[in-house]
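Trainee: Shown below is the structure under consideration.
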Amino acid sequence: MLTIDAQVHVYERNHPGRPWVAVLAGPPEVTGDDMVAAMDAVDVDGALLVSVWTMYQYDASYAIAVHAAHPGRFGLIKPVDPNDPAVAETIAAWAAMKGTVAIRIMMGEGVSNDPDDPGINRVLAAAARHSLPVNLLSWGRLEQVAALAAKNPNTTLIIDHLGLQQPFVPPPPPEPFAELPKLLDLAKFDNIAVKITGACTLSHEAAPYNDLWDPLGRIFDAFGFARCMWGTDWTRAVNLLTYAEGVEPFRHTDRLSESDRANLMGGTLRRVYDWTPSPIMGVTDAR
């Protein structure tokens, strides 16, 4: 079984050649080499590399450089700006690059909460034209996502991090799954999938996080394993758990059948993003 992490981040130390916009909780740097070493240590074959928003915002140049240095290990995802009138051209250029698998909208301050917003819908329409899924960081915006899914049935929308607010440092929220019913309501839309990324940061227990399996089971039941994808959200989660602790509980829990585990930890991602890693250095990725 191929194991593929649905979301990781990498970044260099802050330097004038590629300055940070802001500081993310975590180490001073996590380079592409660091990320590959962490993956190799626990037999993760590949990952979706999401260009880190906090440091680099819409500049995906470091993620592109890491992909070039580690061919076949990473699929690339870039945040795009729905307020940019030229965003459709940006998406077209991104789709034409080697290794790209998706785009992302950070649905926070500065991004309209109106489901009829022309900028957001321009992004979703352009993504559909280029067969690119759209990842949505949509904490507090799940009702808006429902309306967007209905308006854009040909666009694949992927909910980042269960659609739930997740911590950057301990402790986890007192009621981390309070908004879960809003996520479950999205299961009625066939064009929505869910990334089970960063889930371990919501646990009130130590690894293997036994308190997670009942709420995660509700997500699996609602969406099915054909629309759920495991991932760590490394490096955002670094202050709450090790990379191995984000991997092993999913590998070893008896709450998943072997076929469900294979879909959750790689099979569904390969289908949804049309991408398969090629872990042997020098072999390019499938897309």
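Nothing in this text is a laboratory measurement; each read-out follows from the coordinates by a stated rule. Quantities reported herein were computed from a predicted structural model and do not represent experimental measurements. Counting neighbours? That spans all protein chains shown, and the Cβs are built from the backbone with ideal geometry, glycine included.
Trainee: Given (1) among the hydroxyl-bearing types (Ser, Thr, Tyr); (2) closer than 30 Å to PRO249 by Cα; (3) touching a residue at least 40 places away in the same chain (Cβ under 8 Å), identify the lone condition not met by SER203.
Mentor: Of everything listed in (1) among the hydroxyl-bearing types (Ser, Thr, Tyr); (2) closer than 30 Å to PRO249 by Cα; (3) touching a residue at least 40 places away in the same chain (Cβ under 8 Å), SER203 misses just condition (3).
Trainee: When you scan the range 44-123 for helices (runs of 4 or more DSSP H) that lie fully inside it, which ones turn up with 2 or more residues that are charged (D, E, K, R) and surrounded by fewer than 20 Cβ atoms within 10 Å (Cβ to Cβ)?
Mentor: In the range 44-123, there are no helices (runs of 4 or more DSSP H) which contain 2 or more residues that are charged (D, E, K, R) and surrounded by fewer than 20 Cβ atoms within 10 Å (Cβ to Cβ).
Trainee: So which of LEU216, LEU148, LEU162, LEU180 ends up being surrounded by 14 or more Cβ atoms within 10 Å (Cβ to Cβ), on the phi > 0 side of the Ramachandran plot, hydrophobic (A, V, I, L, M, F, W, C) and touching a residue at least 12 places away in the same chain (Cβ under 8 Å)?
Mentor: LEU162
Trainee: Suppose the filter is closer than 24 Å to LEU241 by Cα, out of contact with any Asp or Glu (no Cβ under 6 Å at 6 or more places or on another chain) and surrounded by fewer than 15 Cβ atoms within 10 Å (Cβ to Cβ); does ALA22 pass it?
Mentor: yes
Trainee: Let me ask something else about it. Only residues that are out of contact with any Leu (no Cβ under 8 Å at 6 or more places or on another chain) and basic (Lys, Arg): list them for the range 98-144, please.
Mentor: The answer is LYS98, ARG122, ARG129, ARG141.
Trainee: Same structure again: What residue, among those in the range 124-143 that are in a helix (DSSP H, G or I) and in contact with a strand residue (DSSP E or B) (Cβ under 9 Å, 6 or more places away or on another chain), is farthest from MET97 (Cα to Cα)?
Mentor: Result: LEU142.
Trainee: Sticking with this one: Filter the range 80-95 down to the residues that are in contact (Cβ under 8 Å) with a residue 24 or more places away in the chain and hydrophobic (A, V, I, L, M, F, W, C), then identify the one that is nearest to TYR273 (Cα to Cα).
Mentor: ALA95
Trainee: Here's something else I'd like to know. Test ALA41 against the criterion of being in contact with a Gly (Cβ under 7 Å, 6 or more places away or on another chain) and surrounded by fewer than 15 Cβ atoms within 10 Å (Cβ to Cβ), and give yes or no.
Mentor: When the stated conditions are applied, ALA41 does not pass them.
Trainee: Which one of ARG227, ARG236, ARG255 is out of contact with any strand residue (DSSP E or B) (no Cβ under 6 Å at 6 or more places or on another chain), of a type in the set (Lys, Arg) and crowded, with 17+ Cβ neighbours inside 10 Å?
Mentor: None of the other options fit; the residue is ARG236.
Trainee: Still on this model: Among the residues of the range 71-97, what is the count of those that are of a type outside the set (A, V, I, L, M) and out of contact with any strand residue (DSSP E or B) (no Cβ under 9 Å at 6 or more places or on another chain)?
Mentor: Residues flagged as of a type outside the set (A, V, I, L, M) and out of contact with any strand residue (DSSP E or B) (no Cβ under 9 Å at 6 or more places or on another chain) within the range 71-97 amount to 5.
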